[in-house]
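Each value in this text was obtained by applying a stated rule to the coordinates, not by laboratory testing. Since this is a predicted model, take the numbers as computed values, not measurements. Here the Cβ positions follow ideal geometry from the backbone for every residue, glycine too, while neighbour counts run over all protein chains shown.
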Amino acid sequence: MTWLDGTLIVVAVIAFAVLISGPVRRNRNWLATVTPLASIIGSGFLVSVPLLASAIGIWAIPAVIGLTLLAFLIGGAIRYNIRYGEPEFESAEAGHPLKSFETMSHLVLIGAYFISVAYYLVLLAAFGLKLLGWEDPLLGKVVATVIISSICLLGATKGLQGVERAEVFTVSANLAAIVALLAGLVIFGTTLPQGYSWTAAAAVPHHFDWDSLRFLMGLLIIVQGFETTRFMGDLYDGETRIKAMTRAQIVSSIVYVIFFLLMIPLFPFFTSTADVAGFIEVIGRVTPWLPFIVTAGAIASQFSASVADSIGASELVSDTTHKHITPRHAYVVIGAVAVSVIWATDVVSIVSLASRAFALFYALQCIVAVLVARHRGDNGKAVWFSLLAVLTFALAVLGIPAGA
C-alpha cells in the first residue's frame, strides 16, 4: 500500500465518521438536503465521465455544465410548485386541469421509477463485476435480476422500511468515497506521472453535431434526483424543502464540474461509451486502491437508491389507484417491469430510457407550474415555464443512447 492509498483510506474513514456522527444526523437542514443530494450524485456520478469523455472528449466539460444548469432551471419549476402549487392541489376539484396534469405527472413518475430501479441495479452489477474483472453483459443482467427479485420479494412480504433505515449509512458511504476520490484526483493532478497531460484530451479529435446533442438529451438521468424533495411534505415544510433542493443542486453541480475538471488528464483512456463501468478501470491509474473505495460507495449508493425508488413507486401506485393496489402488491409489478426492462435493453439504452422518462415527468411538472403561475397572474413565470416545458418535452422525444 502506497502513502497515497493510505491517505485516501484515512480521508474516506474520516468523512464517513463525520457524516454519520450524531450532530450531523440530527441537523434537520442537512437531513432535508442529503436525500436529494445523494440522489443526484448517485444517479450518474460515476457513469457520466465514461459516457461523456468517450463520446465527445473535451466537450464533456461544457456538456456537464449545461446539464447541471438545465437541471437547476427545471428544479426552479418544481420549487415554484412546492411554494405556490401545493396549497391549490388539495382544493382543486377532480377534472380540473391542474389536478389532471399533477396526477398525470405522478403516473409518469411511477413509470420512471420502474425504469430507474432497473437502471440502478444494472449499474450496481456492472460496477461489482468490473471490479472482479468480469465484463459479461449477460451475467450482469442475471445479477441485477436476482437483486431486483430479492428486493421486491422482501417488499411484498415484509416491506422495505427496515432496509430503508440503512440509507443514512449507505448515503454517507457514497459521499465519503466521493470525498476520497476528489482528494485522490487533486493529488494525482498536481503530480502528473509521465504519460499523462492536462492538454492531451483537447488534442483528441471529437466533433459535436446534432447526434451529439441528442445523445446529451438522453443523459438527463445523471443529474436527476432533485425532485425527491417534492414528495417529502410529510417530513418537512415547503420552505425547508425549497432550500434543501436549492442547496443540493448547487453543491452537486459544483462537485460535478470539479470532478470533470480533475478527470481531464484521464479523458483519453475512456474509449467505449458501452462500458459504463469503465470508470473503475481507469481510476485505477491514480492508485490501485481507489477502485475499491469508489466501488464500495457506488454499490452502497445504487442499492440504497433502488430501495428508495422501489418504496417511492409502490406508494405512488397505491395512492394513484386509491389503495386498490396496496404498496406490497405494487412491488410485484415493479419487479416484473424492472426485470423486463433489463432483459429488453442494454445498459446504455437504459440510461437514455430513464432520462427520457424523467424528462417527461419534468415537462408535466413545468405545465403544472404554468397553470399555477397563470392562476396567480404571474404571466412572466408562465411564459418561462412554458419554454421549459417545450424543452423538456424535446428531451423526452429526441434523447438517444450513445452510438444510436
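Brief remarks follow.
- Measure of compaction for region 213-259 (Cα Rg per 2.2 N^0.38 Å): 1.37
- Among SER197, SER105, SER54, the largest mean-square fluctuation in a Gaussian network model of the chain, built with springs joining Cα atoms closer than 10 Å, belongs to SER197.
- Using a Förster distance of 60 Å, the FRET efficiency for ALA394-TRP3 (Cβ separation, nearest 0.05): 0.75
- Taking chymotrypsin sites (Phe, Trp or Tyr not before Pro) across region 231-280, none is in a DSSP loop with at most 12 further Cβ atoms lying within 10 angstrom of its Cβ.
- Label reach from ALA336 (point 7 Å along Cα→C-beta): in region 127-149, amide nitrogens under 20 Å belong to 145-149.
- Relative to the longest principal axis of the Cα atoms of the chain, the long axis of helix 347-376 lies at roughly 40 degrees.
- Gaussian network model of the chain, springs between alpha carbon atoms under 10 Å - residue of ASP136, ASP275, ASP309 with greatest fluctuation: ASP136
- For the pair TRP30 and PHE292 in one chain, pulling the backbone fully straight at 0.36 nm per residue adds 91.6 nm over the alpha carbon distance.
- Where trypsin sites (Lys or Arg not before Pro) in DSSP loops with at most 15 other Cβ within 10 Å are excluded, longest remaining stretch of the chain: 166-322
- Added length on full extension, which subtracts the Cα-Cα distance from 0.36 nm per residue, LEU153 to LEU192: 9.2 nm
- The chain: angle of helix 60-80 to the longest principal axis, Cα-based, in degrees nearest 10: 20
- Label zone (PHE169, point 7 Å along Cα-to-C-beta; backbone nitrogen cut-off 11 Å) within region 1-31: none.
- Spatially close lysines, pair count over the chain: Cα under 20 Å, gap of eight or more or interchain: 5
- Estimated FRET transfer efficiency when R0 is 22 angstrom, pair THR320-GLU239 (beta carbons, to 0.05): 0.20
- Cα long-axis angle, helix 327-344 against the chain (0 to 90 degrees, to the nearest 10): 50
- Which of MET217, MET245 has the fewest Cβ neighbours within 10 Å, and the rest in rising order: MET217, MET245
- Under a Gaussian network description of the chain, with springs only between Cα atoms under 10 Å, the residue in ILE82, ILE187, ILE151 that fluctuates furthest is ILE187.
- Each label point was placed 7 Å from the Cα along the Cα-to-Cβ direction; for HIS375 and ARG83 their separation is 1.7 nm.
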